[in-house]
Each structure stands twice: as structure tokens, then as C-alpha cells.
Amino acid sequence: MTTSDVRIPVHILTGFLGSGKTTLLRDYLQHDDTSQTALIINEVGDIGIDHHLTQHLDGGTVLLENGCLCCQVREDLKQTLLNLLSNDINHSLRQIIIETTGLANPSPILSTLFHDNELASKVRKGKIIATIDTLESVKNVEDITEWSNQVSSADTLIFTKADESSEENCSLLKEKCRTINPFADHFIKATSENTLRLALNTPLNSMLFLPFSTKGTGKPALKQTTHSEIHTQAIFVKSVNWQRFSIWLSMLLYRYNDQILRVKGLLLDANTGNYVLLNAVRKVLAPLEILDKESISSAKLGLVFITRDIDPEDITRSFNAFEISLN
């Protein structure tokens with residue numbers, strides 16, 4: 001980015017029920033300096049359990065119970081974050097980690113961070129890390145919507161219980177995850193290393209797109225892979241009319257609502273000459289980032305969509321109809 005972002009990153013640790021989120025967090029707290037970390041633990045039930053399993057943090061430990069952050073306690077999340085920041089009188093806080101319930105969809109949490117002006121000036125999106133249970137997740141792939149939501153929203157996937165699972169099972173699961181979310185980083189939880197620290201400290205994957213081949217010269221090329229009713233699509237396009245593109249993307253996100261699980265893109269704004277990184281989970285669009293030209297000289301430009309129950313050709317036809325591309 002062209003300027004340094006001094007806002008505090010908020011990382012989201014998600015994953016389906018029993019996938020090892022709290023175990024991963026405990027390893028991190030026991031083997032890392034967390035004096036500048038605040039932890040928010042969300043639990044659905046009337047009695048909070050997980051916060052008893054984690055060590056006290058100097059930055060603060062807060063329990064949000066009896067409600068999932070993806071639904072009724074989002075106002076509690078906002079107030080909790082503001083309280084943590086106001087209590088940080090020495091400005092020593094360096095990161096905040098939210099451990100969600102096993103049923104949470106990260107999208108509404110991001111909406112709270114992005115769309116509240118007071119919060120958006122103080123905190124920024126960190127990493128979304130999802131734990132994948134290698135013993136159970138192959139079953140979850142086919143029939144649990146929450147699992148797919150978490151995988152598709154994640155920047156990083158950590159595969160847990162791999163020492164109890166077969167190598168064949170782990171490989172199959174990784175391929176299924178790549179089909180749902182091809183640009184997430186993968187880590188295997190190992191007992192000998194602090195896997196969460198490794199994931200948090202690893203820069204986000206700079207390769208936004210799979211090495212899809214392009215066809216023709218004037219139209220964006222599309223590559224599709226399918227997993228059940230989930231599709232991964234890439235539209236290769238370099239320079240765009242940003243005004244047309246913004247209108248089109250807004251209409252698309254609201255037209256298809258939760259059928260669009262994730263959008264990630266790197267485009268050249270023809271009007272300003274800026275390279276723009278965009279990121280959306282469901283219809284929640286994160287603030288755009290302007291990137292230094294030197295940092296993306298070899299990057300492929302275009303858009304990646306992760307969708308459910310949408311004909312891939314519908315998005316491509318819509319894109320072309322708006323005459324957005326200036327390639």
C-alpha cells in the first residue's frame with residue numbers, strides 16, 4: 001500500500017464445531033508473547049466454556065456468550081471492540097483475535113468492522129483463519145452449509161487432527177477445499193510448532209488467481225471448477241471503467257445475495273491509473289486498497305468469484321454487457 005496502515009488488525013478464528021479452534025488458540029497463548037493481544041471468545045450457549053480453557057491475556061480476554069456473532073450479538077461485538085480500544089491507554093495493543101462459535105459465518109463480523117465508521121477508523125481486517133477437521137470434514141463437505149461458508153470466507157485453512165487421519169483422507173479434503181476456495185493458504189497443525197503463529201505471521205497469498213489459461217484478446221476468459229453447487233470462476237481483465245464496474249459489482253452482489261460467497265480481484269482503474277485490490281465476503285465489500293505498482297508488476301489482473309447455484313455464464317454475460325473492460 002502507498003501509506004502505512006496503523007489501525008489494529010482484527011483476526012477471525014473460525015471453524016466448524018469440534019474442529020480444534022480452542023486447542024489451536026491455547027497452543028498459541030502458551031507458546032507466544034501475547035501481552036499485546038486481546039482475545040474475544042464467542043459462545044452460543046448460556047454457559048461459556050472456551051474462555052476457561054485459555055490463559056489470561058494482558059491485552060484483555062472478553063467472553064461474548066449466549067449468542068452467535070453471525071446473528072444477534074453484533075452490537076455487543078462493536079461495543080466490546082470499542083471498550084478494548086478505549087482501555088488501551090498506553091497504545092500497546094497490536095492485534096485482536098476473535099474466536100467464533102462453530103456455527104458462525106464470518107461475513108456479518110466483517111460487516112461490523114467495515115460498515116461502522118467509528119470502528120473502521122480504528123481497526124482493520126486481519127486474517128480469517130478456518131480450522132478444518134480432517135476426521136470429520138469430508139462428511140461436512142456435502143451437507144453442512146456453515147462449513148462451506150467458513151471455508152469460502154477464509155484467507156488461511158489449518159487442517160487439524162492430521163496425525164489421527166489418513167494421508168489419503170487429508171489429500172482428498174485439501175482438494176475439496178481448493179475447489180471451494182482456491183486462493184486460501186494451507187497449513188497442517190503440527191504438535192511441534194505454533195501453527196497459529198505461523199499462519200498469522202505468513203503474508204497473505206499474493207497469488208490471487210490459479211494459473212487459468214485465457215482465450216481471445218478482447219473478452220475476459222472464464223475458468224470454472226465445480227464442487228456440488230459451488231463454483232469457482234475467474235474473469236481475466238486488466239483495465240476497467242471504474243464507475244461502470246462499481247455499479248455492476250454492487251448490483252451483482254445484491255442481485256445474488258448469499259449465492260456469491262466470495263469475490264477477490266485486482267484491477268487497474270483506467271481513470272486514475274491506480275491498481276486496486278478488492279475483497280468481498282457475501283455482499284460485504286471491504287474497503288478498497290490502492291497498491292504500489294512495483295508490488296504487483298507480475299500479478300495477473302482480474303476477478304475471482306466463489307458462488308453457489310449460479311450459472312457461471314450469467315456473471316460473464318453480465319460483465320460483458322456493461323462494457324466494463326478496456327483491455
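Other residues lying with their Cβ under 9 Å from the Cβ of residue 11 contribute a combined charge of +2, Lys and Arg counting +1, Asp and Glu -1.
Each of residue 186 and residue 323 was given a label point 7 Å from its Cα along the Cα-to-Cβ line. The distance between the two points is 4.4 nm. Taken along the Cα-to-beta-carbon direction at a fixed 7 Å, the label points for residue 244 and residue 92 span 5.5 nm.
FYI, it's all coordinate maths here, none of it is from the lab. The model shown is predicted, which means the values in this text are computed figures rather than measured ones. So basically every Cβ, Gly included, is an ideal-geometry build from the backbone, and we count neighbours across all protein chains shown.
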